[in-house]
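Notes follow once the structure below has been shown.
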């Protein structure tokens, strides 16, 4: 019988640093929605260590969802829910549990810009005031790459798809602020990546 689990070598390298950042921001018993969960390895590593109430993985790709659910079964992770189909660039499906936190790692540079905007639109719609959107990946700062390796990675991405590419942090945070998601902190991570923490602003009073 074929094992549907997928393996991403980068996950083993970045999961500990991501965990350390999330421990500062994700309260115990939080409900987490993960966007673009990929293999599912982040979910099964992070969810039990953060002691969340629930972790909802999602991915638009059916093979990825099978991998996520296989990892979930293998690790007997009770707090991780079955993976759902969610493409952020289109309408979001109804969510069984309203998230306190949305986690999205390594997506917005491997997708068109409209996917980033769709993520921000959806997060603004489902997160309550003060709730958190966590982004992880490489970014340009002030329009410049932060390392030669990121510049080479950007060129490689754009050669595969002209709509892909390392995004400018200021452009992302500006689009977020237009949707009521305020930058709380930027944390420098290994391998020239960043953790970007955004919070849903309080609703305006009338």
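Only the coordinates and a few stated rules stand behind these numbers; no lab work does. Only a predicted model underlies this, so the values are computations on that prediction, with no experimental measurement involved. Virtual Cβ from ideal backbone geometry, glycine too; neighbours counted across all protein chains shown.
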Using a 10 Å cut-off on Cβ atoms, rank the peptides 90-98, 77-85 from the highest mean neighbour count down. 77-85, 90-98
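Compute the length gained on full extension between residue 29 and residue 125: take 0.36 nm times their separation in residues and subtract their Cα-Cα distance, giving the result in nm to one decimal. Can you show the working numbers first?
Values: separation 96, 0.36 × 96 = 34.56 nm, distance 2.16 nm.
Full-extension gain reported as 32.4 nm.
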Chain lengthening between residue 188 and residue 21 when straightened (0.36 nm per residue, less Cα-Cα): 59.1 nm
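Which shape class, rounded, prolate or oblate, goes with the stretch 9-200 when its Cα gyration tensor gives a ≥ b ≥ c as root eigenvalues, a/c under 1.5 marks rounded, and past that a/b bigger than b/c marks prolate?
Values: a/c = 1.44, a/b = 1.31, b/c = 1.10.
It comes out rounded by the Cα gyration axes.
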Candidates 110, 68, 35; GNM for the chain (alpha-carbon contacts under 10 Å) flags as most fluctuating 110
Here, residue 178 and residue 12, labelled 7 Å along Cα→Cβ, have an inter-label distance in nm of 4.2
Taking the Cα-to-Cβ direction at residue 49 and at residue 160 and moving 7 Å from each Cα, how far apart do the two end points lie in nm? 2.5
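What percent do you get for the relative contact order of the chain when only Cα pairs under 8 Å and 6+ apart count? Show your work: numbers first, answer last.
Details: 383 pairs, mean separation 37.0, N = 206.
With pairs under 8 Å counted, the relative contact order is 18 percent.
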Please sort 195-201, 151-157 by packing, taking for each peptide the average over its residues of neighbouring beta carbons within 10 angstrom, highest first. 195-201, 151-157
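Of the DSSP beta bridges with both residues in the chain, give the percent that are antiparallel, rounding to the nearest 5.
Working: 15 of 31 bridges.
In the chain, approximately 50 percent of DSSP beta bridges are antiparallel ones.
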Rounded to one decimal in nm, the spacing of the 7 Å Cα→Cβ label points at residue 152 and residue 75 is 3.1
Based solely on its DSSP helices, what 222 nm [θ] is calculated for the chain when runs of n ≥ 4 H residues each add -39,500 (n - 2.57) and the sum is averaged over all residues, nearest 500 deg cm²/dmol? -12000 deg cm²/dmol
The stretch 18-48 and the stretch 140-206 have their Cα centres apart by a whole-number Å value of 19
